[in-house]
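A short worksheet on the structure shown next.
The numbers here are math on the coordinates, done by the rules we state, and not lab data. Bear in mind the structure is a predicted one, so any value in this text is a computation, not a measurement. Using ideal geometry, Cβ is built from the backbone for each residue, glycine included, and neighbour counts are taken over all protein chains shown.
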Amino acid sequence: GWWDGRPPQLEPFLSQGPRGARKVHLPPGPLYRVEGTTLAIPCNVSEFEGPSLQHFEWFLYRLSAPDISIGMVSTRDPNFPYAVFGARVQAGNVSILRLRGNAVELRVRAVRMEDTGIYECYTPTTDSKYQGTYSAKVEVRVIPDQLSVSAAPSSVAKPPFGVRGAMAAPAPQMVLLESQDLLLTCSVASRTQQHTHLAASFTVSAPGSPRLQQEVIGLRQDFALEATGRFALRRLAQELSLVKLGDWKYQMALDRLRPEDSGTYHCTAGEWIQDPDGSWQQITEKRVVLADVSVQTSQLSVSAGPPRALLSPRDALELFCNISGTPVLLLPHVAFAVSWELRKEAAGEGHLVAQLEASGGLVLGQNYANRNTGTRHVSLQKLDSPLGAFRLRIESAQPSDVGSYHCEVQAFSRSPSAEFRPLAILSSEAVSVEVKSQGTVVLGAVAWLPWPTLYRGNTADVRCNVSVESAQDVHLALSWWAELPQPDSSPLGVLLASVDREGVAQLERPPSGGALSVDKVGPQSHRLRLHAVQPSDEGDYHCAVTAWVRSPDRSWYQAASAKSNVVTVYPYPLALDTLLLPLAVGISSALLLGVSILVSVTCCFMARLRKR
């Protein structure tokens, strides 16, 4: 019979028993495929008799000659192909891939426009009877490649961060720091006449492994957005996003970069079409290199100079803060906040001189802009050269400028949304500043009482004599203080009055709540008067004086200060107070006795009333 002539290589396969009519299956058409891609058409046979290993032959009917079959390739006859396909079969560009004994797939690599036509899958009979269908046909239409993908200008022509090398290079070199953001954009477009869907994905290959692509994030043909591998966690942390801008642009944002994000980034575009059977097939794919990204750790160093400065009064003080390291190369995409701090003592607490914020705003320390000193001429600015240099300048140096200066730098990365993210904080070595003496201001203060003996209701007169020795024009400010005794604690210091260097007085309320006044009774003699003193005004009183000198920049500095000795104010009781005391005690005792008798009588009366 028909099985007697089986080739030896078919013996291992089992034979199929009698079944229904043979059926050959192909997907429904038409199938649209893109020129230059691989055409794959599956074919299988069922309900057949004979060996499980079935043979297949493929034919093409071109639209220009629909009645002429052209043999393409066969599983059993190597000489089967017609001349037009012979070379392509020998080169492996037209082949049959066996999937199972009864299923194969025709593969045509680099499909051509002339390959458009009707494809027939034929199965030579192995049945005992000739019944059923022995072939099936499907139409294939080869269409031109209309897909394009390119790096958008935001990724190449105007990179968001530092770029080295020529802009026209296929893979721009981008150097970024940890915590900066990477923004890449690619354009994907298609002019295909058929209804297709586009997909776009961003991939990265690690340095040294250009062929090993890892997908970062992708927008599928069904509009699903997916991030894979370690990037899935980045998306959950809202550090990774992909958005579509307009009709053709896709933009990926990878925030808060890490060193492991270094690599070559690509944009891969795919065009998908839905076949008549409802399945989606990718008909073409293209890829473009966006950038070679190097993510570096922050390596900053800060130095200040000169190491020591010796100035004469009224000289300008200039100090320089120099920042060096990788972030400096990426200005203006890295911003710096620079501040200078002054310490009077090496281990003492520092106070702010000036700060240049990352946004460009200048903030002066409290000691350089207040009511007492006025506003000093202090500037802190970034220099054009060298890169990363900042200068602090204080006009007209004063004795109060003496101390150790430190420059503190905070580095921030600037994201595309203008958000500042901290990179590092560094401080320089100390810079020592000394100011030569222009003449010492010697200040003294003595407090005294013209009338030491006081009685309640009198006016207490406290004097303060001030002595000044100075070659400079000195303005004095004076304040009066009282230390009031407390029953269970140390004395309480209370400010009673003050007179500023302009002669303006500020009065507080004395402990008794009465009135007080201050005036000047001599060239250097000041007076505090407490009117109608009371026992609560008892305490130790002193004066404090401050010498102020005006600088050429119209600001003031404190040249000296002094505190006087203490004098005791003790209001004695009046004689009438002594006489009224026994009377007050007697009245109190009598009142207490009367209340006691009244309570006793009332209790007895109520007790008898209850018995009745």
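For every other residue with a beta carbon closer than 15 angstrom to the beta carbon of ALA224, add +1 if it is Lys or Arg and -1 if Asp or Glu, then tell me the sum. Provide the component values of the computation, followed by the final result.
Details: positive: ARG220, ARG235, LYS244; negative: GLU215, ASP222, GLU226.
After counting each charged neighbour, the total is 0.
I need the peptides 204-216, 106-118 ranked by packing, meaning the mean over residues of other C-beta atoms within 10 angstrom, with the highest value on top. Mind dumping the intermediate values first?
Details: 204-216: 14.0, 106-118: 17.6.
Most protected by this proxy first, the peptides run 106-118, 204-216.
Compute the projected area of the convex hull of the Cα atoms of the stretch 301-435, averaged over all viewing directions, and report it in nm² to one decimal place. Numbers along the way, then the final one.
Details: hull surface 33.8 nm².
The Cα convex hull of the stretch 301-435, projected and averaged over all directions, gives 8.4 nm².
Using a cut-off of 12 Å between beta-carbons, work out the net charge of the residues near SER201 (Lys and Arg +1, Asp and Glu -1, SER201 not included). Can you show the working numbers first?
Values: positive: ARG220, LYS286, ARG287; negative: GLU215, GLU226, GLU285.
Net charge in that neighbourhood comes out at 0.
Which listed residue (GLY92, CYS43, THR116) has the Cα farthest towards the positive end of the charge dipole for the stretch 12-128, taking +1 on Lys and Arg C-beta and -1 on Asp and Glu C-beta about the Cα centre?
The listed residue farthest towards the positive side: GLY92.
Report the net charge of residues surrounding VAL518, where surrounding means a beta-carbon distance below 9 angstrom and charges are Lys +1, Arg +1, Asp -1, Glu -1.
Numbers: positive: LYS520, ARG527, ARG529; negative: ASP519.
Residues close to VAL518 contribute a combined charge of +2.
Points 7 angstrom from Cα along the Cβ direction at GLN299 and ALA515: gap in nanometres?
Here the answer is 7.7 nm between the modelled labels.
May I ask you to evaluate 6.51 cos²θ - 1.76 cosθ + 1.60, the Karplus curve with θ = phi - 60°, for each residue of the stretch 195-210 and list the ³J(HN,Hα) values in order in whole Hz, giving x for glycine and proline?
6, 10, 10, 9, 10, 9, 9, 10, 10, 9, 10, 5, x, x, 10, x
Once you've got the Cα coordinates, tell me which of LYS382/LYS436; LYS137/LYS286; LYS344/LYS436 are over 21 Å apart. Please report the intermediate quantities before stating the final value.
Numbers: LYS382/LYS436 29 Å; LYS137/LYS286 31 Å; LYS344/LYS436 16 Å.
As for pairs spanning more than 21 Å Cα to Cα, those are LYS382/LYS436; LYS137/LYS286.
What is the P(r) of the stretch 222-308, as percent of Cα-Cα pairs per 10 Å bin from 0?
The distribution over the stretch 222-308 is 12, 32, 28, 14, 8, 4, 2, 1, 0, given as percents.
Counting only DSSP beta bridges with both residues in the chain, what percent are antiparallel, rounded to the nearest 5? The partial results should precede the final answer.
Details: 179 of 195 bridges.
Antiparallel bridges: around 90 percent, rounded to the nearest 5.
For LEU311, which sequence-distant residues (separation of 5 or more, or a different chain) have an amide H within less than 5 Å of its own amide H, given hydrogens modelled in the peptide plane?
So LEU311 has HN proximity to GLU434, VAL435, LYS436.
Sort THR126, THR192 by Cβ crowding within 10 Å, fewest neighbours at the top.
Numbers: THR126 21, THR192 18.
Listing THR126, THR192 from fewest to most nearby Cβ atoms yields THR192, THR126.
Please get the size of the charge dipole for the chain, origin at its Cα centre, with Cβ charges of +1 on Lys and Arg and -1 on Asp and Glu, quoted in debye to the nearest 20.
On the way: 56 positive and 57 negative charges, 214 e Å.
That gives a dipole near 1020 debye.
Return the Cα extents of the stretch 22-143 along principal axes one, two and three, sorted largest first, each rounded to a whole Å.
Here the spans come out as 41, 27, 25 Å, largest first.
Relative to the compact-globule scaling 2.2 N^0.38 Å, provide the ratio for the alpha-carbon radius of gyration of the chain. Working shown, then result.
On the way: Rg = 49.2 Å, N = 612, 2.2 N^0.38 = 25.2 Å.
Taking N as the residue count of the chain, the ratio is 1.95.
Can you pull out the trypsin sites (Lys or Arg not before Pro) in the stretch 279-355 that DSSP calls coil and that have at most 13 other Cβ atoms within 10 Å?
On the way: sites: LYS286, ARG287, ARG308, ARG314, ARG343, LYS344; in loops: ARG314, LYS344.
Passing both the DSSP loop test and the Cβ count: LYS344.
When 1/r is averaged over all different Cα pairs and the result inverted, which Kirkwood radius in Å belongs to the stretch 442-572?
Working: mean 1/r = 0.0649 Å⁻¹.
One over the average 1/r among Cα pairs gives 15.4 Å for the stretch 442-572.
Rounded to the nearest 500, what is the 222 nm mean residue ellipticity of the chain from helices alone, with -39500 (n - 2.57) per DSSP H run of 4+ residues and division by all residues? Don't skip to the answer; put the middle values down first.
Working: 4 runs with 56 residues, N = 612.
Taken over the chain, the calculation gives -3000 deg cm²/dmol.
Please list, in chain and number order, the residues 5+ apart from LEU383 or on another chain whose amide H is under 5 Å from its amide H, with Hs placed from the backbone.
It is ALA389, PHE390, ARG391, by chain and number.
Give a residue-ordered list of calculated ³J(HN,Hα) values for the stretch 230-235 (Karplus: 6.51 cos²θ - 1.76 cosθ + 1.60, θ = phi - 60°; whole Hz; x for Gly, Pro).
5, 6, 5, 5, 5, 5
I'm a student and want to see the number: the projected area of the Cα convex hull of the stretch 74-149, averaged over all directions, in nm². Display every interim value, and only then the final one.
Details: hull surface 28.4 nm².
Averaging across all directions leaves 7.1 nm² for the Cα convex hull.
If each of LEU449 and SER489 carries a label point 7 Å out from its Cα toward its Cβ, how far apart are those two points in nm?
2.6
Can you compute 3J(HN,Hα) from phi for each residue in the stretch 46-61, using the Karplus curve 6.51 cos²θ - 1.76 cosθ + 1.60 with θ = phi - 60°, rounded to whole Hz and x for Gly and Pro?
These are the phi-based 3J(HN,Hα) values: 9, 6, 10, 10, x, x, 5, 7, 9, 9, 9, 10, 10, 10, 10, 10 Hz.
Name the residues whose placed amide hydrogens come within less than 5 Å of the amide hydrogen of VAL216, ignoring near sequence neighbours (fewer than 5 apart) on the same chain.
Amide H neighbours of VAL216, under 5 Å, 5+ apart: PHE202, THR203, VAL204.
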